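For reference, the structure is listed below as structure tokens.
The values are calculated or read from the model by the stated rules, or taken from the named source; none is laboratory data. Predicted, not measured: the structure shown is a model, and the values here were computed from it. Please note: Cβ atoms are built from the backbone with ideal geometry, for glycine as well, and neighbour counts cover all protein chains shown.
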Amino acid sequence: MDRRKFLSLSVVAAAVLPASLSAIDFRATKPDTWTAHTVADAIKALYGDIKPEEKGVKVKAPKVASNGGAIPVNVSSDISAKTVALFQDANPEAAVAVWEVQEGGIVDFGTKIKMKKSGTITAIVEGTDGKFYVGTVTLEVALGGCEG
């Protein structure tokens, strides 16, 4: 490896390391979120009693998922956010993921999730303004993803 490539990789690593070290461990700080069986209970365990506004959050997923074992989901928003949380109502535990958004970060997260049956995917965005915003999408699952 030449010296310039090594130095450029070192600069990237130095920039990324502080962000990864300051991340919140939501599983350790909010354990009840991950054992909640309904979306409402999981949201309450993570954020408390909130009344999210139904605007500004886009959740994209296929209308019909041929395989519930790998459903692509994208959450995006133009809202300046602190966190983004993803939930679903088809599996025994409702919480899927929580992302911390760095100051000035862009909310555009994509992941694949498992759903054993048809249901609704919900995303909550915690804004830097102290408000909460919600987006949902409902989809049909042709073949369950949690049976094997």
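Structure values in brief
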item: Region 80-99 - residue that is surrounded by fewer than 16 Cβ atoms within 10 Å (Cβ to Cβ) and closer than 20 Å to residue 127 by Cβ and, of those, nearest to the chain's Cα centre (by Cα); result: 97
item: Top-ranked residue in region 25-71 [being hydroxyl-bearing (Ser, Thr, Tyr) and either over 17 Å from the mean Cα position of the chain (by Cα) or closer than 20 Å to residue 91 by Cα (or both); ranked as surrounded by the most Cβ atoms within 10 Å (Cβ to Cβ)]; result: 33
item: Options 122, 111; residue that is surrounded by fewer than 16 Cβ atoms within 10 Å (Cβ to Cβ), β-branched (Val, Ile, Thr), touching a Leu at 6+ places or on another chain (Cβ under 9 Å) and at pLDDT 95 or above; result: 111
item: Qualifying residue in region 74-85 (condition: small (Gly, Ala, Ser) and modelled with pLDDT under 95); result: no
item: Positions within region 52-108 being closer than 18 Å to residue 142 by Cα and hydroxyl-bearing (Ser, Thr, Tyr), in sequence order; result: 66
item: Among residues of region 119-143, those that are part of a loop (DSSP other than H, G, I, E, B), among the small types (Gly, Ala, Ser) and under 20 Å from residue 25 (Cα atoms), counted; result: 0
item: Residues of region 119-144 satisfying the condition of being without any contact (Cβ under 8 Å) to a residue 60 or more places away in the chain and not hydroxyl-bearing (Ser, Thr, Tyr); result: 119, 127, 129, 130
